[in-house]
Amino acid sequence: MTTLPDPQHYDLVIIGSGSGNSMINDELDHWRIAMVDDGLRYGGTCLNVGCIPTKMFVLPADLADGPRDAARLGVDLALRGVDFPAVRDRIFRRIDAISEGGLDWRERQEHVDVYRETGRFVDPHTLELSSGRRISGDRIVIAAGSRPRPLSVPAAPSVAELVHTSDSIMRIDELPKRLLILGAGFVSVEFAHVFSAYGVDVTVIHRGHTLLKHEDHEVSERYRQLVAEKVTLALGEHVVRLEEAPDGGVRVVTMVEGDERHHDGDLVLNAIGRIPNGDRLDVAAAGLGLDAHGFIPVDEYQRTAVDHIWALGDVCSPAMLKHVANREMRVVRHNLLHPEDLRATDHRFIPHAVFGHPQIASVGATQQDLDAAGRPYLVKVQNYGDVAYGWAMEDTEHFVKLISDPLTDKLLGAHIIGPQASTLIQQLIQMMVFDQDVSSVAHTQYWIHPALPEVIENALLALEESRRQWLEEHQA
């Protein structure tokens, strides 16, 4: 760490080394900056325990599922096994090197001091670090991220080491024979895909009756049907405690309509969600509060209630997505440098993808959202199997669902379940962001034949026809 004059005071203090770390570029070379990192793994959640390593586990899982997918095409493949330590070590050799290299680069910058400590506010300009040292800043950016939500049920001490979160499950020494996953969100279903494809007997336990409840209802129901072919689903079961199983593993005890049930496994993955880290910062000392869900409130410019304090990413954004944090980071950097020309973050069309098997991707409103709002809409569900590439795939399971406004011809929502979903969604995101209408996108460009994007083209054309009929009916 470079020693600078008056090391306690900075032009900018950044809390968090994920997207907050990416904020520091050559535009800020004239500022003295403190980076406060919690000392675990430099680079934040996405790099170390989130999006990147999980998707690096997903790709081998997709390959391991190959024999099942190939069988319907007349190809006889066999999976001889998965070398989990080899998969794990390949991933983290690369991830850890990037993390260590990023830290080394940042520490060698003359205008940046990196504090590998936790920090808490003692006043609006000052942080006290875990070492007892205090630093202050003219401007402070809170990018402290989130953490796995802890279990709220009793757990026997003897099984503590058998309970993992997404932070630790990817670094286990060997595959368990049985894995119990608590929760039914994207973390749960992605890891259910990974471990079931690797040959693990997976059970997903959830108090609700729906997987991926925030997805469009047709998408979540189709995913439930498909994943049930590979994974045991224990839905509608409320977890009441964790205890040691008779075989030395872990037992999850649940309650269903007053009756106890249990599931035994070798490991448990707690995937019940994530919570923002604002509660670890003593934000009240800075004049800030937390909302009912624990997020630091910000305005459209990422400003908090205190003029010189800004926030970005999971600590303030309910979306909890890396691409949202990155967008907010760029907005904050611009606004710090150009306070006379503030930019707002556009949160209207935030897309997301779930990298299970099959993939899911979505942007905009679901059908249930529009029903609840009482808003008119048109729907087209286009099956992959209706286009030429879908024929080649012998696909009978996957679809694109588009929802449009019959009055404006604008897309209100797009939902895809199937191969390449996370790529196919991109043009639909662009449609919504640039306010393009359904008819013009369907007609004024070429769609490559016989490629899978034709499923998007056909869905748009069908929406156009539905709108024509709707207008005729409502003008009559």
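Pairs of alpha-carbon atoms within less than 8 angstrom and 6+ residues apart define the contacts here; what relative contact order does the range 374-443 have, in percent?
Contact order relative to length: 25 percent.
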Length released on extending from Ser152 to Asp83, taking residue separation times 0.36 nm less the Cα-Cα span
21.4 nm
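Among Lys401, Lys55, which comes first, then next, by fewest other beta-carbon atoms within 10 Å?
Working: Lys401 21, Lys55 15.
Ordered from fewest to most neighbouring Cβ atoms within 10 Å, Lys401, Lys55 come out as Lys55, Lys401.
Could you please rank Cys51, Cys46, placing first whichever residue has the fewest other Cβ atoms within 10 Å of its Cβ?
Cys51, Cys46
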Can you figure out the FRET efficiency of His30 with Thr423, using R₀ = 35 Å and their beta-carbon distance, to the nearest 0.05?
0.30
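If R0 is 56 Å, what FRET efficiency do you get for Asp104 and Ala372 from their C-beta distance, rounded to 0.05? Could you put the intermediate results ahead of the total?
On the way: r = 51 Å, r/R0 = 0.91.
Efficiency, from the Cβ-Cβ distance: 0.65.
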Hey, rough spin-label estimate for Arg348 and Asp307, points 7 angstrom out along Cα→Cβ, what's it come to in nanometres?
3.1
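What are the chymotrypsin sites (Phe, Trp or Tyr not before Pro) within the range 229-312 that DSSP puts in a loop, where the Cβ has at most 11 other Cβ atoms within 10 Å? Working shown, then result.
Values: sites: Phe295, Tyr301, Trp310; in loops: Phe295, Tyr301.
In loop regions of the range 229-312 (DSSP not H, G, I, E or B), there are no sparsely surrounded chymotrypsin sites (Phe, Trp or Tyr not before Pro).
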Log10 I(q)/I(0) at q = 0.06, 0.10, 0.12 Å⁻¹ for the chain, from Debye over equal alpha-carbon scatterers, is -0.32, -0.88, -1.19
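Using the Kirkwood radius built from alpha carbon pairs, what does the Stokes-Einstein equation give as D for the range 384-473 at 37 °C and 0.692 mPa s, in µm² per second?
Numbers: Rh = 13.4 Å.
For these conditions, the coefficient is 244 µm²/s.
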Number of Lys pairs in the chain with C-alpha atoms less than 23 angstrom apart, excluding same-chain neighbours closer than eight positions?
12
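Over the range 186-304, what per residue volume does the convex hull of the Cα atoms give, in whole Å³? Could the numbers behind the result be given before it?
Numbers: hull volume 20.9 nm³, N = 119.
Output value, Cα hull per residue: 176 Å³.
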If each of Thr210 and Glu161 carries a label point 7 Å out from its Cα toward its Cβ, how far apart are those two points in nm?
4.1
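What does the extension gain come out to for Asp341 and Ala228, with contour length at 0.36 nm per residue minus their alpha carbon separation?
On the way: separation 113, 0.36 × 113 = 40.68 nm, distance 5.22 nm.
Stretched fully, the Asp341-Ala228 segment lengthens by 35.5 nm.
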Could you calculate the FRET efficiency of Leu235 with Leu40 from 1/(1 + (r/R0)^6), where r is the beta carbon distance between them and R0 is 35 Å, rounded to 0.05?
0.55
Roughly how far apart, in whole Å, are the Cα centres of the range 25-78 and the range 324-368?
19
The range 1-79: Cα Rg divided by the 2.2 N^0.38 Å rule of thumb:
1.91
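Read-outs throughout are calculated quantities, based only on the coordinates presented, and are distinct from any laboratory measurement. Every value quoted in this text rests on a predicted model; they were computed, and no experiment measured them. Cβ sites come from the backbone with ideal geometry, for glycine too, and all protein chains shown count toward neighbours.
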